[in-house]
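Step one of this worksheet: look at the structure below.
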Amino acid sequence: MTEQAISPLRRRMIEDMTIRKFAAKTQHDYVQRVKDFDNTHCRPAFAADLAVKALPPGAAFIASPWDGLYIGGNLGYGETHFDVTGSGFGTLASQHANGVVGGFQVGYNKQYGTFVLGLESDFDLTSIEKTTFGVTTKLPWFGTTRGRVGFLLNPALLLYATGGVAYGRAEVSVPRASVKIPGVGWAAGAGLQYALTPQWSIGAEYLHVELDGPSGHAGGISIDTKATTDLGRATLNYKF
């Protein structure tokens, strides 16, 4: 049998209950009680107008792909400029080195309309290393902790800027001596992130990282090292 058309009055009640976010069972019970009341106190025609039928399905709830805690991995390529000076010797090395970078990140986002604010921390290992005139410089690892401010170009595509603190370790080696120099500094960059599903997203990110370490000592020489890195990387995240 063909289902009877929904009257304008009943349609209006359904829309009102949907706006109020009544569950389907609550909507059904509410219409039934109105019908029972009208059978007793009001026009039979009005009760018939409210005959209980299967309610049309409401819009499916779609979770925000941005709100919440996430964890993921990254892989990319970077170039580091090393400035190494030694007390009494001046510049020991000023060179560029490049290599693969990769690691993981964890963060938290909160959406406010078309804006997304977040905090992210990452840790990456690198193969960045170079030897010139017997001096080897390398950046074995680095990490950052950064704030993120983003704008939704559409509900699934986020454009963001990011900045915060950076930390890592540079290593300088000369014949028969080497020194490992921890460094702190800052990082800034920008990226795009695309939500494949409410849980999974992919992205592309550029970061500029500057590390300036304290003096280290090798072979009786005080060594100062500054490492400036520019990198691009792809990201894959899972949101809980």
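The values are calculated or read from the model by the stated rules, or taken from the named source; none is laboratory data. The structure presented is a predicted model; accordingly, all values stated were derived computationally and were not measured. Positions of Cβ are generated from backbone atoms using ideal geometry, with glycine treated the same way; all protein chains shown enter the neighbour counts.
Computed quantities for the displayed model
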| quantity | calculated |
| --- | --- |
| Any hit, region 185-195, residues being touching a Pro at 6+ places or on another chain (Cβ under 8 Å) and not in a strand (DSSP E or B) | no |
| Residue check, Glu79 at pLDDT 70 or above, acidic (Asp, Glu) and either over 43 Å from the mean Cα position of the chain (by Cα) or not in a helix (DSSP H, G or I) (or both) | yes |
| Yes/no for Phe142 being surrounded by fewer than 14 Cβ atoms within 10 Å (Cβ to Cβ) and in contact with a strand residue (DSSP E or B) (Cβ under 6 Å, 6 or more places away or on another chain) | no |
| In region 156-173, residue surrounded by the most Cβ atoms within 10 Å (Cβ to Cβ) [restricted to those that are closer than 30 Å to Gly113 by Cα and of a type outside the set (A, V, I, L, M, F, W, C)] | Tyr160 |
